[in-house]
Amino acid sequence: MDGQKGVELSGMKGVKRKIMVMSGKGGVGKSTVAASLAVALRALGKSVGILDADIHGPSVPKIIGAENVRLEVVDNKIVPAVVHDGIRVISMAYLLSESDSPVIWRGPIKMKAISQFLNDVDWGELDYLIVDLPPGTGDEPLSIAQLLPNNDGAIIVTTPQEVSLLSVRKAVNFARVLKVPIIGVIENMSGFVCPNCGTRIEIFGSGGGEKIAKEYDLRLLGKIPIDPRIVEAGDSGKALMVENESDDIASIFLKIAREVDSIVSGGGDKE
C-alpha cells in the first residue's frame, strides 16, 4: 500500500512500516487496541515500536507496562523505552515531572514536540511503528499525517453504537482528504458474554463496525468483545497477549495482526 510521501526523517530510516491508529472520538479504547496490536505483531516475530502521540492524554506507557522510565540521549538521539521482549515506546508521559501533570501547550509547541518524536528518536530497525493518535481530527492527527513520511495507512477504532459512528465518519473522511490509506476498521467493546451463563449482551448495540465498513467499502479487521481481563491487563501494565497467547481475546488480536501484516505487505486489494 502506498502512503503519503515526505522527507525521510533521520531517526526513522530503519522503520519499514508506519501505521496510525485513530478514532473519531475518545472513550473507544483506541490506545488499548494500539498497544495490543503492537504486542500481537511482536508475538508474530515482528520488531515493533509505539509512538504515543497523544500530547494531552498519554496512556500507552501505563497500558503496556513501561511507566517510570527516564529517557536517555545517545549521539543526540532519544533512546526509546523498551518493554515486552523488545517493543520500543516513546510518549509525552516520559517528559512530565508527575504522571498527573497537565500539558498546557499551544499548537506550535505541540507540533514541535511531535516533530521531535518523529525525527529525534532513534527507533532503530523496526518492522512496524504503531502511532497512537489522539482522538478526533485536530492538530495532532493532522501533523502526524503530514509529517510522517511514507505512512502505510490508518486503522480506525470504533464502538458499535450509532453515536460513535457519527465521529467515525469524520475520521474516515479526514483520512481520505489527506490521502492516507485506510487499512480497516476495528470494532471495540463489541458485546459482552456473561462468564456464568454464557449469555451475550450487546451493551453498546451491535453492527456499528460492519455498518461503517460496508458504507465506505472498508475492511472490518475484527470485533473485540468487552472483557474484564483487558481492563485488568491494561491497569496492571501487562498486555493480555503476553499473559496467554492461546486466550480467545489474544487470538482475535493475533488474527487482526496477521491481516494487517498481509495488507500493508501488499496482500490486500482495498484502499
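Descriptive notes on the structure:
- Within the set L51, L37, the sole residue that is in contact with a helix residue (DSSP H, G or I) (Cβ under 8 Å, 6 or more places away or on another chain), closer than 21 Å to N188 by Cβ and not in a strand (DSSP E or B) turns out to be L37.
- Of all the listed residues (V82, V89), the sole one being more than 27 Å from R169 (Cβ to Cβ), outside any helix (DSSP H, G or I), touching a Pro at 6+ places or on another chain (Cβ under 9 Å) and β-branched (V, I, T) is V89.
- Of all residues in region 193-226 being part of a loop (DSSP other than H, G, I, E, B) and among the hydrophobic types (A, V, I, L, M, F, W, C), the one that is surrounded by the fewest Cβ atoms within 10 Å (Cβ to Cβ): C197
- Qualifying residue in region 188-197 (condition: under 20 Å from the mean Cα position of the chain (by Cα), in contact (Cβ under 8 Å) with a residue 60 or more places away in the chain and within 30 Å of L126 (Cβ to Cβ)): yes
- Answer residue from region 45-85, given it is surrounded by fewer than 16 Cβ atoms within 10 Å (Cβ to Cβ) and in contact with a Lys or Arg (Cβ under 7 Å, 6 or more places away or on another chain) and is modelled with the lowest pLDDT among those: D85
- Selection within region 60-73 - out of contact with any Asp or Glu (no Cβ under 7 Å at 6 or more places or on another chain) and in contact (Cβ under 8 Å) with a residue 12 or more places away in the chain: K62, I63, I64, G65, A66, E67, V69, R70, L71
The values are calculated or read from the model by the stated rules, or taken from the named source; none is laboratory data. These figures come from a predicted structure and were not determined experimentally. Note: ideal-geometry Cβ built from the backbone for every residue, glycine included; neighbour counts use all protein chains shown.
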